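Here the structure comes first, spelled out in structure tokens, and everything after it is commentary.
The values are calculated or read from the model by the stated rules, or taken from the named source; none is laboratory data. Since the model is a prediction, treat every value here as computed from it, not as a measurement. Neighbour counts are summed over all protein chains in view; Cβ atoms, including those assigned to glycine, are modelled from backbone coordinates with ideal geometry. Each accessible area value is taken on the protein alone, full model and side chains, heavy atoms only, with ligands, DNA and RNA left out. Shrake-Rupley method; radii C 1.70, N 1.55, O 1.52, S 1.80 Å.
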Amino acid sequence: VRQTVAAVGVPMTYRLLTEGASSPKLKKLAIELGYRSAVLYLAAADSAEPGGRTVCPWAKANGCDGPCLDGAGRAGFDPRIPEARKRRTRLFWEHREWFMGSLEADLDVLQRRARAEGLRPVARLDGTSDLGLAARLHSQWPGIMFYDYTKSIRRVKAWVELAPANYHLTFSLGAANGREALWALRAGVNVAVPFDRASGLPDRFGLGEWASTYEVLNGDEHDYRFLDPTPRIVGLLFKGTKRLRAKDTKGFVRGG
């Protein structure tokens, strides 16, 4: 159900999902692999409400709030992008019923367009957040493949137990969740690790004193994590600017 939310000036035609074709990373190999994708970008962590509500509950403890890629790419120089993300985030907090109805309408559009093109619809609902929206919605949309990265080990454990066919999670390593990441790997869940661009991706990576090393695959070749073999380390080169890299004071980014 779409309706005008006068408090934030959102028109009836406002859409929450960003088509994958407008995101260079999501566009890679999309047509070749047979996908039509869309992603939901919110204002990461508490950037919509500094010091207030957060859409990434594990960000501060794991050191990823400072160097977050929410401020990288076009969002770093086009002020319209972070403002749009803040607007969506305010809609999520303040107009939840409208937000969820509008998100479902967007998913319906994604599914219909994909079918018309003979493609499989793919959705990532935590592009710059960690709310678990796909965990709530995937059962309602069996025709859409949902996937996300998360630092919620509870969500990962529930996913491992249920093993839904159209929902995939990759655990994200932070500065303070190494033991949880090890649990994920031992359960056959891949773990994403950001590496310094200057150092490049290693062939193998271990989680401190807790484990032997695991093979590192290049996660930058595409973003469709549900295609990855397991268990692996998903290596992602840090895409942010030097300014963002300097904000990493807890060792979130490995190497360098």
Review point. Pick from the stretch 138-180 the residues that are assigned to a helix (DSSP H, G or I) and touching a Pro at 6+ places or on another chain (Cβ under 8 Å): which of them is farthest from LYS250 (Cα to Cα)?
Key: SER139
Check your understanding: For the stretch 16-28, does any single residue satisfy the condition of being part of a loop (DSSP other than H, G, I, E, B), modelled with pLDDT of 85 or more, touching a helix residue (DSSP H, G or I) at 6+ places or on another chain (Cβ under 9 Å) and not small (Gly, Ala, Ser)?
Key -> yes
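Residues checked against (1) under 26 Å from LYS239 (Cβ atoms); (2) basic (Lys, Arg):
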{"position": "LYS86", "(1), (2)": "yes, yes"}
{"position": "THR89", "(1), (2)": "yes, no"}
{"position": "GLU94", "(1), (2)": "no, no"}
{"position": "ALA105", "(1), (2)": "no, no"}
{"position": "ARG115", "(1), (2)": "no, yes"}
{"position": "GLY127", "(1), (2)": "yes, no"}
{"position": "ALA163", "(1), (2)": "no, no"}
{"position": "LEU169", "(1), (2)": "yes, no"}
**Study point:** Pairs, first farther than 15 Å from TYR224 by Cβ and β-branched (Val, Ile, Thr) in the stretch 140-165, second open to solvent by less than 30 Å² (accessible area, probe 1.4 Å) and in a strand (DSSP E or B), C-beta under 8 Å, six or more apart
**Key:** THR150/LEU169; THR150/THR170; THR150/PHE171; THR150/SER172; ILE153/PHE171; VAL156/THR150; VAL156/LEU169; VAL156/PHE171
Practice item. Just one of (1) in a loop (DSSP other than H, G, I, E, B); (2) modelled with pLDDT of 85 or more; (3) open to solvent by less than 70 Å² (accessible area, probe 1.4 Å) trips up ASP78, so point out which. Key: (2)
Exercise for review: Quick one: LEU201 ticks every box in (1) open to solvent by 30 Å² or more (accessible area, probe 1.4 Å); (2) under 17 Å from the mean Cα position of the chain (by Cα); (3) not β-branched (Val, Ile, Thr) except a single one, so which number is it?
Suggested key: (2)
Check your understanding: Is it the case that some residue within the stretch 206-225 is surrounded by 17 or more Cβ atoms within 10 Å (Cβ to Cβ), at pLDDT below 85 and over 16 Å from the mean Cα position of the chain (by Cα)?
Key -> yes
**Study point:** Enumeration of residues in the stretch 209-239 that are part of a loop (DSSP other than H, G, I, E, B) and touching a helix residue (DSSP H, G or I) at 6+ places or on another chain (Cβ under 6 Å)
**Key:** ALA211, ASP223, PRO231, LYS239
Point to revise | Qualifying residue in the stretch 162-170 (condition: of a type in the set (Ser, Thr, Tyr) and in contact with a strand residue (DSSP E or B) (Cβ under 6 Å, 6 or more places away or on another chain)) | key: yes
Review point. Do we find a residue being closer than 23 Å to ARG136 by Cβ, among the hydrophobic types (A, V, I, L, M, F, W, C) and modelled with pLDDT of 95 or more anywhere in the stretch 192-199?
Key: yes
Review point. Does any residue in the stretch 119-134 that is over 15 Å from LYS151 (Cα atoms) come within less than 6 Å, Cβ to Cβ, of a residue that is open to solvent by 10 Å² or more (accessible area, probe 1.4 Å) and of a type in the set (Phe, Trp, Tyr) six or more places away or on a different chain, and which pairs are these?
Key: LEU119/TYR35; ARG120/TYR35; VAL122/TYR35
**Study point:** Any hit, the stretch 117-125, residues being assigned to a strand (DSSP E or B) and of a type in the set (Gly, Ala, Ser)
**Key:** yes
Exercise for review: Looking for whichever is over 17 Å from the mean Cα position of the chain (by Cα), among the hydrophobic types (A, V, I, L, M, F, W, C), within 23 Å of PHE195 (Cβ to Cβ) and at pLDDT below 95 here; the options are ALA61, ALA45, ALA72, ALA105. Which one fits?
Suggested key: ALA61
